[in-house]
1. Of the conditions (1) free of Cβ contacts under 8 Å to residues at least 12 places away in the same chain; (2) open to solvent by 90 Å² or more (accessible area, probe 1.4 Å); (3) assigned to a loop (DSSP other than H, G, I, E, B), residue 152 fails just one. Which one is it?
2. Could you go through segment 174-181 and let me know if any residue there is out of contact with any helix residue (DSSP H, G or I) (no Cβ under 6 Å at 6 or more places or on another chain), outside any strand (DSSP E or B) and more than 19 Å from residue 13 (Cβ to Cβ).
3. Kindly indicate whether residue 64 is open to solvent by less than 40 Å² (accessible area, probe 1.4 Å), in contact with a Phe, Trp or Tyr (Cβ under 9 Å, 6 or more places away or on another chain), aliphatic (A, V, I, L, M) and free of Cβ contacts under 8 Å to residues at least 60 places away in the same chain.
4. Any idea which of (1) open to solvent by less than 30 Å² (accessible area, probe 1.4 Å); (2) without any contact (Cβ under 8 Å) to a residue 60 or more places away in the chain is the one residue 35 doesn't satisfy?
5. Identify the residue in segment 91-110 that is out of contact with any Leu (no Cβ under 9 Å at 6 or more places or on another chain) and in a strand (DSSP E or B) and, among all such residues, is least open to solvent (accessible area, probe 1.4 Å).
6. Of the residues that make up segment 75-90, is at least one surrounded by 17 or more Cβ atoms within 10 Å (Cβ to Cβ), in contact (Cβ under 8 Å) with a residue 12 or more places away in the chain and in a helix (DSSP H, G or I)?
7. Pairs only if they're at least six apart or on different chains, beta carbon under 7 angstrom, first in segment 178-191 and free of Cβ contacts under 8 Å to residues at least 12 places away in the same chain, second assigned to a loop (DSSP other than H, G, I, E, B); list them, first residue then second.
8. For segment 197-218, name all the residues that are in contact (Cβ under 8 Å) with a residue 12 or more places away in the chain and either within 16 Å of residue 103 (Cα to Cα) or open to solvent by 80 Å² or more (accessible area, probe 1.4 Å) (or both).
Amino acid sequence: MTPSADSYDVIVIGGGPAGCTASALLAEHGHSVLLLERDAFPRFKIGESLMPGTYETFERLGVLDKLRETAFPRKHSVQFYSGSGRASKPFYFSDNNDHESAVTWQVLRSDFDELMISAAADKGVEVVHEASVHDVLFEDDRAVGVRAKFADGGIREVRATVVVDASGQSALIARRLKIVSTEPTLRKASIHTHFVGARRDTGIDEGATVIYQTEGKD
């Protein structure tokens with residue numbers, strides 16, 4: 001699939017949660033929006049533990065009912081374990097917030113991302129998968145479009161009044177402008193795995209986030 005037009009009001013690079021949110025809200029306000037996503041969906045991503053503060057955004061996007069219909073575990077709390085193995089009391093979000101937003105979700109990213117990009121398409125965003133943006137086009141100091149390779153192998157330039165870079169760590173515009181800055185204390189890595197036959201807590205603790213601190217906090 002390739003874009004249906006040569007120019008748009010907005011081109012959004014990246015179909016993750018940020019790109020889908022930006023494109024959906026822009027389309028809702030009547031702008032023509034092209035969303036370019038590098039991968040085909042569904043795609044694997046490490047699962048996401050949502051925070052209660054995302055509720056208002058999901059409400060604004062109109063996806064709360066779709067989230068409620070999923071099988072994602074409901075998340076009521078977070079609990080901490082010290083380096084010695086001592087557990088804190090669970091921190092229940094509802095203790096400080098009696099609104100339904102106090103309960104959120106542990107999401108499977110492949111399903112969650114599909115839900116988000118479908119919501120953007122429902123609002124009129126033109127979504128193109130397997131579109132790899134090779135370059136952001138500039139005129140003077142202003143981004144005016146992109147050069148991208150599409151699923152058919154063709155490379156094409158598409159223009160826009162505004163280009164939104166939601167490419168995450170690829171940081172296409174920041175790298176092009178040579179303004180990427182790394183925060184030294186955040187040079188971290190993630191290790192993930194999946195478990196079969198794990199024993200969960202019951203009731204509202206079933207979907208809790210549990211945070212363990214290593215001995216020596218290293």
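The values are calculated or read from the model by the stated rules, or taken from the named source; none is laboratory data. What you see is a predicted model, and the numbers here were worked out from it, not measured in a lab. Note that we place each Cβ from the backbone using ideal geometry, even for glycine, and neighbour counts take in every protein chain shown. Note: areas computed on protein heavy atoms with side chains; ligands, DNA, RNA excluded. Shrake-Rupley method; radii C 1.70, N 1.55, O 1.52, S 1.80 Å.
1. Result: residue 152 passes all but (1).
2. Of segment 174-181, the ones out of contact with any helix residue (DSSP H, G or I) (no Cβ under 6 Å at 6 or more places or on another chain) are 174-179, 181.
So of that shortlist, the ones also outside any strand (DSSP E or B) come out as 174-179, 181.
Cutting the leftovers down to more than 19 Å from residue 13 (Cβ to Cβ) gives us 181.
Yes, there is a match, as at least one residue in segment 174-181 is out of contact with any helix residue (DSSP H, G or I) (no Cβ under 6 Å at 6 or more places or on another chain), outside any strand (DSSP E or B) and more than 19 Å from residue 13 (Cβ to Cβ).
3. Numbers: open to solvent by less than 40 Å² (accessible area, probe 1.4 Å): yes; in contact with a Phe, Trp or Tyr (Cβ under 9 Å, 6 or more places away or on another chain): yes; aliphatic (A, V, I, L, M): yes; free of Cβ contacts under 8 Å to residues at least 60 places away in the same chain: yes.
Spelling it out, residue 64 is indeed open to solvent by less than 40 Å² (accessible area, probe 1.4 Å), in contact with a Phe, Trp or Tyr (Cβ under 9 Å, 6 or more places away or on another chain), aliphatic (A, V, I, L, M) and free of Cβ contacts under 8 Å to residues at least 60 places away in the same chain.
4. Answer for residue 35: the failing condition is (2).
5. Step by step, filter segment 91-110, then rank; the result is 92.
6. Pass one, segment 75-90, residues surrounded by 17 or more Cβ atoms within 10 Å (Cβ to Cβ): 75-77, 79, 90.
Filter once more, keeping what is in contact (Cβ under 8 Å) with a residue 12 or more places away in the chain: 75-77, 79, 90.
With in a helix (DSSP H, G or I) added as a condition, the list becomes none.
No, segment 75-90 contains no residue that is surrounded by 17 or more Cβ atoms within 10 Å (Cβ to Cβ), in contact (Cβ under 8 Å) with a residue 12 or more places away in the chain and in a helix (DSSP H, G or I).
7. 180/171
8. Pass one, segment 197-218, residues in contact (Cβ under 8 Å) with a residue 12 or more places away in the chain: 204-217.
Within segment 197-218, 204, 205, 206, 207, 208, 209, 210, 212, 213, 215, 217 qualify.
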